[in-house]
Every structure is written in structure tokens, then in C-alpha cells.
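Report on the following structure.
Since every read-out is calculated from the coordinates, none of them should be taken as a lab result. Just so it is clear, the model here is predicted, and its values are computed rather than measured. Note that we place each Cβ from the backbone using ideal geometry, even for glycine, and neighbour counts take in every protein chain shown.
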Amino acid sequence: MPASRGNPEVAVVDYGLGNLRSVTRGLERAGASVTLVEEPAALTDADGVVLPGVGAFSEGMENAGPFREALVEQATAETPLFGICLGMQMLLSTSEEADHAGEGSAEGLDLIPGTNLRFPDDVKVPQMGWNRLHVQREHPLVAGVDGEYAYFVHSYYADPGDGEAVVASTDYGLSFPSIVADESGTVFGTQFHPEKSGETGLRILRNFVDLCGDGR
């Protein structure tokens, strides 16, 4: 059962491509009790779920394949589901990355309809370093972070089918969504790494942990 007292229980999905140590440490600093989860059934009792990720979209979806049904179930139940970097891209429907790498098509989780696009050729790829967040609409995750800087490492960016999915944007050759969320507001992701983004990232992780605690 979810904990009835103490810190919110957050499950971090371990599918072989996550930055697990940094993510776990960041969430613990933000006030969560963290469990690394290697079996889909273990997500059921969590107050919140984090899907981290580094690497290629197709490999990420292949590795996370056993978790697909469980992640969709958690999203349907409106358990807070937080995708980070590749994990955020995996929340969308598809990505150009598989085609670009000659790997054919790869299907995402389709929890936030849309695709992931490669940055244009006139900017350095990957974007690596600090960049500013511009909040576009209210969401609990972005309380207190408008105009702050976060740390990015990526070559692709989200292009949601619905502009209302964009919670925050960032400029890098073009304006791209750096935080997205579904219609319910309980499935969301950051293109940047909050666990590497100093006090701004810690604030975002605390906002997430607070969301996890609200449903208990």
C-alpha cells in the first residue's frame, strides 16, 4: 500500500537507460522516498512515477517495452507520471530519431500525442548546457521557475499535437517545448535534466513530490 505517513513514495523506472543515481539523489533531496523499480507490477502502489532516460528513442522504447501497459495504467489512474529527457520524449507518440538513425519507426507511449523532431541544421546539435525556461501556462510543476535556467543535453525536441500541452518553452534556434503535460495535468515531462539543474531543478522536483503527496 502507498505510505499513509512520511514522505511520498516515488517509483523510478529502471529499464537500463536512466541516470538513476542523480535522479534518485535529487528526488530524495526534494523529500521523496525513492524505490528503483525493475518490475512493472511494482509501480502499482507508488504515489508517483518517474521515467528517466538518456540515449536513443528506439532503444528506450524497446527497453521500456515491458513497462508500457503499467505506465499507461498509472497515467489512466492519474498517478503523477514524470518523464525526464528521453523519458519525456517517450511520453509522445513517435520520434524522427529512429528514421534518422535508419532504424525505421518506433512508437512511443502516446500519453501526450505528438512527435519528436530533430533540431534544424543551422544550430549545433546536441544542445548541451544551460538555457532559460519560459513558462507558457500554469501547472504545479513550474511554480516559481519562470525565467530560470535549466541544464539540457538533447538533439531532438517535442512537437505536441496540441499547443495546450506546452507548459514551458525554451529558445534554441527556434522556440521548442521544454516542459509538456497531458490534458489531465498528471502526465508531464521536462526535456532538461532537473537533477542536474541546481536550485531550479530542485524546485521542480519538490513541486513534483508535492504533487505526489496531494493524492495520498
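Remarks
- Qualifying GluC sites (Glu not before Pro) in the range 1-52, where qualification requires a DSSP coil assignment and no more than 14 other C-beta atoms within 10 Å, comprise GLU38.
- For the range 1-90, the share of alpha carbon pairs falling in successive 5 Å distance bins from zero is 3, 15, 28, 27, 18, 7, 2, 0 percent.
- Dimensions in Å of the chain - Rg and Dmax from alpha carbons: 15.7, 52
- Beta-bridge orientation, the range 9-214: approximately 55 percent antiparallel, per DSSP, counting only bridges with both partners inside.
- Backbone phi angles across the range 65-79, fed through the Karplus curve with coefficients 6.51, -1.76 and 1.60 (θ = phi - 60°), yield HN-Hα couplings of x, x, 8, 3, 4, 5, 5, 5, 4, 5, 5, 5, 7, 6, 6 Hz in residue order; Gly and Pro are listed as x.
- One compactness figure for the range 65-188 is 1.04, namely its Cα radius of gyration divided by 2.2 N^0.38 Å.
- Anisotropy class of the range 125-215 from Cα gyration tensor, a/c 1.5 cut: oblate
- Surrounding net charge for SER22, when Lys and Arg each add one and Asp and Glu each subtract one, Cβ distance under 13 Å: +2
- Restricting the range 66-169 to GluC sites (Glu not before Pro) in coil, as DSSP defines it, with at most 13 other Cβ within 10 Å: GLU78, GLU138
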